[in-house]
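What follows is calculated from the coordinates using simple rules that are stated; it is not laboratory data. It should be emphasised that the depicted structure is a prediction, and the values quoted were computed from it without experimental measurement. No Cβ is skipped: glycine too gets one built from the backbone with ideal geometry, and neighbour counts run over all protein chains shown.
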2 protein chains.
Amino acid sequence: MTRIAPTALYQEVAERLRQRIFAHELTPGTWIDEQKLAEQYGISRTPLREALKVLASEGLVELKPRRGCYVTEISRQDLDDIFPLMAMLEGRCAAEAVKRARSADMNSLKHIHERLESAARDGRIDAFFEANQEFHKRIQELSGNRWLLSVIQDLRKVLKLSRLHSLSLEGRLQQSLDEHRLIMAALDSGDAAKAEKLMHDHLLSGREALAKIETASPKASD
Amino acid sequence: MTRIAPTALYQEVAERLRQRIFAHELTPGTWIDEQKLAEQYGISRTPLREALKVLASEGLVELKPRRGCYVTEISRQDLDDIFPLMAMLEGRCAAEAVKRARSADMNSLKHIHERLESAARDGRIDAFFEANQEFHKRIQELSGNRWLLSVIQDLRKVLKLSRLHSLSLEGRLQQSLDEHRLIMAALDSGDAAKAEKLMHDHLLSGREALAKIETASPKASD
DNA sequence: CCACATAATACTGTATCCATAATTATGGAA
DNA sequence: TTCCATAATTATGGATACAGTATTATGTGG
């Protein structure tokens, strides 16, 4: 295989697999055929296996000894565990971000929020989804705590295993936008405690929306 | 190499390396010679490399492309980032544990606390250290949140990179014991908010003790 | 004597190969 | 016809071999 990037092959493979898992092309529970995948990618099994080890550490796949590799199935209990945790962590991020943000930071944040607004106006779901992710990530970066950021992103990867997670946002686009406006206002006014609580509740609100979809389709892994 | 356990070789190797890193036999910043290590363990480079990928995901080593593998160096900034995070997380654990603990759970917890007391009485540092870890872990398990537990343990692994982290406990054994007594009392009385705050402060108190040692020996990775 | 370039060495990264264990299919017996 | 046992096939885990790149050392020129 022709190598271009300075990054190792196993990392590229890991990233490609992540995308396929997040896109639910590889659905939870499915077995990953090493040989077929390696052939498909035109690489040997060695870097592929190394990539799978990485994904296993991230919790995206499960490596059963002598049994092979399976995409992780996430349960409702997991969602109930993770969302409150994320709410607490992202809430803390918001509080820290308020304390540390400089005017330039706030401006760039407002810019992202504007993109959220315009995407919502035009009903562009994908763009809304994109800007939403960026908004949250930007706040996490503003918190200035590398490890807080790392923990949140690790958990978010696991959440992405759930198909309903992405679906749920569509149904509550307007509500999510409203909540974002409130958060933005709190950040702007420099009210750390308020920003923390609003962000916290924003996350829990996401979990509730997801719960409503769950009742419709009973599959735990969705 | 003679295989006995049903667990994969790369996992055993990863665990052995973890122990060597935590024991500071492999100090932060040192280069890990794959060939030499593989020879030393009597295995090939393949499982060793897979183990290194896992350790890299855990943050214990850094894999620089085409440059090899180095034990992670942890900075004071990292400690300042991680300790407040741990304080928040373990605080939450304590609060959740209070809400969920049944009388049998409380008894087993008291039993561990007793071991802490007796170890302190006899001045058995190792036993104190051991019981201390078990006490914290037990509370995390009682929280019933698998992901909260996982996040905390991941962060603790990183903290273990710091040599001072283990040393600091020795100097404040009595204080740590006092704090544990208060936490135990709060748990026993079922006061979730109090348990959360005490546990939170207990962790921060640990950071402060560590800071005092830092001033003595200026090396950041110690 | 110092600096730069080139060559050699050594380590990382990838591929191929082999052995072992697990699963499945087939055949025989109850 | 069904269940169990044995054999064959297939996939995983580990070892070895090879290629490419980075680093270091040595030699030559200024």
Computed label-point distance, nm, for sites A:Lys212 and A:Glu117 using a 7 Å Cα→Cβ extension: 2.5
Degrees between helix B:173-189 axis and first principal axis of chain B (Cα, 0 to 90, nearest 10): 60
Label-point separation, A:Ser44 to A:Leu182 (7 Å along Cα→Cβ), nm: 5.7
Stretch gain in nm, segment B:Ser75-B:Thr7, where the contour uses 0.36 nm per residue and the Cα spacing is subtracted: 21.1 nm
Aspartates and glutamates with Cα under 18 Å of A:Lys212, excluding same-chain neighbours fewer than 8 positions away: A:Asp78, A:Asp80, A:Asp81, A:Glu170, A:Asp201, A:Asp222
Sequence of A:Leu169, B:Leu60 once ranked by neighbouring C-beta atoms within 10 Å, starting from the fewest: A:Leu169, B:Leu60
Cα-based helix-to-principal-axis angle, B:125-142 vs chain B, degrees rounded to 10: 80
Sequence of A:Met86, A:Met106 once ranked by neighbouring C-beta atoms within 10 Å, starting from the fewest: A:Met106, A:Met86
Per DSSP, loop GluC sites (Glu not before Pro) in the stretch A:93-158 with at most 15 further Cβ within 10 Å: none
Computed E for A:Lys99/B:Arg100 - FRET, C-beta separation, R0 51 angstrom, nearest 0.05: 0.95
Set of aspartates and glutamates with alpha-carbon distance to B:Lys53 below 12 Å, sequence-local pairs under 8 removed: A:Glu50, A:Glu58, B:Glu62
Proximal charge balance of A:Leu149 [Cβ under 10 Å; K/R count +1, D/E count -1]: -1
Counted charge near B:His202, where neighbours are those whose Cβ lies closer than 13 Å (Asp, Glu -1; Lys, Arg +1): -1
Nearest beta-carbon to the A/B symmetry axis - residue in chain A, distance in Å: A:Ser57, 2
Excluding exposed DSSP-loop trypsin sites (Lys or Arg not before Pro) (at most 14 other C-beta within 10 Å), longest clean stretch of chain A: A:125-218
Charge sum, other residues only, whose C-beta stays under 11 Å from A:Thr30's C-beta, Lys/Arg counted +1 and Asp/Glu -1: -2
Under 20 Å from B:Lys194, Cα to Cα: aspartates and glutamates that are on another chain or at least 8 residues apart: B:Glu90, B:Glu96, B:Asp105, B:Glu141, B:Asp178, B:Glu179
Normalised alpha carbon radius of gyration of chain A [divisor 2.2 N^0.38 Å]: 1.11
Angle in degrees between helix B:9-22 and the longest Cα principal axis of chain B, rounded to the nearest 10: 60
FRET E, pair B:Asp191, B:Ala23, Förster distance 41 Å, beta-carbon r, rounded to 0.05: 0.60
Flagged links, alpha-carbon separation over 19 Å, of B:Lys36/B:Lys157; A:Lys99/A:Lys157; B:Lys137/B:Lys157: B:Lys36/B:Lys157; A:Lys99/A:Lys157
Relative contact order of the stretch B:36-108, defined on C-alpha pairs under 8 angstrom at six or more residues apart (%): 12
Residue mean of other protein chain beta carbons inside 10 Å, B:49-57: 5
Ranked list, fewest to most other Cβ atoms within 10 Å of each Cβ, for B:Ile32, A:Ile125, A:Ile183: A:Ile125, B:Ile32, A:Ile183
Value of relative contact order over chain A, rounded to a whole percent, pairs C-alpha under 8 Å and six or more apart: 25
